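Asker: Sharing a structure, written as structure tokens. Questions coming.
The values are calculated or read from the model by the stated rules, or taken from the named source; none is laboratory data. Worth saying up front: this structure is predicted, and the values here are computed from it rather than measured. Every residue, glycine among them, receives a Cβ derived from its backbone with ideal geometry; neighbour counts consider all protein chains shown. Each accessible area value is taken on the protein alone, full model and side chains, heavy atoms only, with ligands, DNA and RNA left out. Shrake-Rupley method; radii C 1.70, N 1.55, O 1.52, S 1.80 Å.
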Amino acid sequence: MTTLTLLKSRISDDILRSDLTTQIADAITDAITHYQTERFYFNTVRTSTFATVASQSIYTSSDDPDVPLFIELDAMFVNDGSNERELTWASAAEMQDLLGSGSSSGVPNRYSYFEESFRLYPVPGAVYTVRPIGLIEKAAPATDSEANNVWMVEAFELLRCRAKAYLAVHVLMDLEMAQVMVAAEDAALRKLRRQ
């Protein structure tokens, strides 16, 4: 099982330094932050869903904790109990006009995403299941010992290389090590993109 504790230990062993615990932790945090908006197989979701509420057009984290985490949306579907169909994207301005012009209700056919919330039009007239598909932000481990964090399980080697490259440039001032780690990071990145 890989954890943040294990990643910190491996990096410390790799660079032969046990006195850089804060710097190693910061480098790992920076590496995760750097890759959180990169599309990988493990941070693209199609199983997240939320239920609409009659007469409610805006959906936030209180409706589904994943709602504010979407970075890029590929598509959005609505299921009315018998059919699932794709919703059409609308700009924030277009949605404002639609919702402000005496909103009708029914099965939504348009959506927008802004202010970390979904807006649907027409305003749902009943309970429907909505399924967004896209790139979602996956959280860094909350603790050093957190098990099964996706970054530690799926991107361990990528983070290990990125963090060591950061340390080589910003802490150790070792440009040779930085070059080696950038090449290793590229290889780890290519491997993750193939999966």
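Asker: Assigning unit charges at the beta carbon (Lys, Arg +1; Asp, Glu -1) and nothing else, what dipole magnitude in debye, to the nearest 20, does the range 102-195 show about its Cα centre?
Answerer: Dipole about the Cα centre, nearest 20: 500 debye.
Asker: On average, how much accessible surface per residue is there in the chain, in Å², for a 1.4 Å probe, leaving out ligands, DNA and RNA?
Answerer: Values: 10190 Å² over 195 residues.
Solvent-accessible surface per residue comes out at 52 Å².
Asker: Heavy atoms only, probe 1.4 Å: what % of the accessible area of the range 1-149 goes to carbon and sulfur, would you let me know?
Answerer: After summing per-atom areas, the C and S share lands at 48 percent.
Asker: Around M181, with a cut-off of 14 angstrom between Cβ atoms, what is the net charge of the other residues, counting Lys and Arg +1 and Asp and Glu -1?
Answerer: Taking every Cβ under 14 Å from that of M181, the sum is -3.
Asker: Hydropathy at least -0.5 by Kyte-Doolittle, axial extent at least 24 angstrom from the Cα trace: which helices of the chain, defined as entire DSSP H runs, fit?
Answerer: Sorted by number, the helices that extend far enough and score high enough are 175-194.
Asker: Relative contact order for the range 146-195: what percent, with Cα pairs under 8 Å and sequence separation of 6 or more?
Answerer: 36 percent.
Asker: So, one more: How big is the charge dipole of the range 1-61 about its Cα centre, in debye rounded to the nearest 20, if each Lys and Arg gets +1 on its Cβ and each Asp and Glu gets -1 on its Cβ?
Answerer: 280
Asker: Work out how much length R194 to D14 would gain on full extension: take 0.36 nm times their residue separation and subtract the Cα-Cα distance, in nm to one decimal.
Answerer: Length gained, R194 through D14: 62.2 nm.
Asker: Spelling out what I want: for every residue of the range 45-62, take phi, set θ = phi - 60°, compute 6.51 cos²θ - 1.76 cosθ + 1.60 (Karplus), and round to whole Hz; glycine and proline get x.
Answerer: Here the 3J(HN,Hα) series is 10, 9, 9, 6, 9, 9, 9, 6, 10, 4, 6, 10, 9, 10, 10, 10, 4, 6 Hz.
Asker: If the only charges are +1 at each Lys and Arg Cβ and -1 at each Asp and Glu Cβ, what is the size of the charge dipole of the range 47-181 around the Cα centre, to the nearest 20 debye?
Answerer: Values: 8 positive and 19 negative charges, 25 e Å.
With Lys and Arg at +1 and Asp and Glu at -1, about 120 debye.
Asker: I'd like to compare 69-82, 162-175: which one has the highest average count of other Cβ atoms within 10 Å, and what's the full order after that? Don't skip to the end; give the middle numbers.
Answerer: Numbers: 69-82: 15.1, 162-175: 19.1.
Averaged packing, sorted descending, gives the order 162-175, 69-82.
Asker: Could you give me D for the range 24-180, from Stokes-Einstein at 10 °C and 1.306 mPa s, where the hydrodynamic radius is the Kirkwood radius over C-alpha pairs? Units µm² s⁻¹, please.
Answerer: For the chosen part, D equals 89 µm²/s.
Asker: With a 1.4 Å probe and all protein chains in place, put Y113, Y41, Y59, Y128 in order of accessible area, largest first.
Answerer: Numbers: Y113 60, Y41 85, Y59 0, Y128 25 Å².
Ranked from most to least accessible, the order is Y41, Y113, Y128, Y59.
Asker: Quick query: amide H of D74 versus all other amide H atoms, modeled in the peptide plane; which residues come in under 5 Å with a sequence gap of 5 or more or a different chain?
Answerer: Amide H neighbours of D74: I133, G134, L135.
Asker: Subtracting the Cα-Cα distance from 0.36 nm times the residue separation, let me have the gained length for D186 to V150 in nm, one decimal.
Answerer: 11.0 nm
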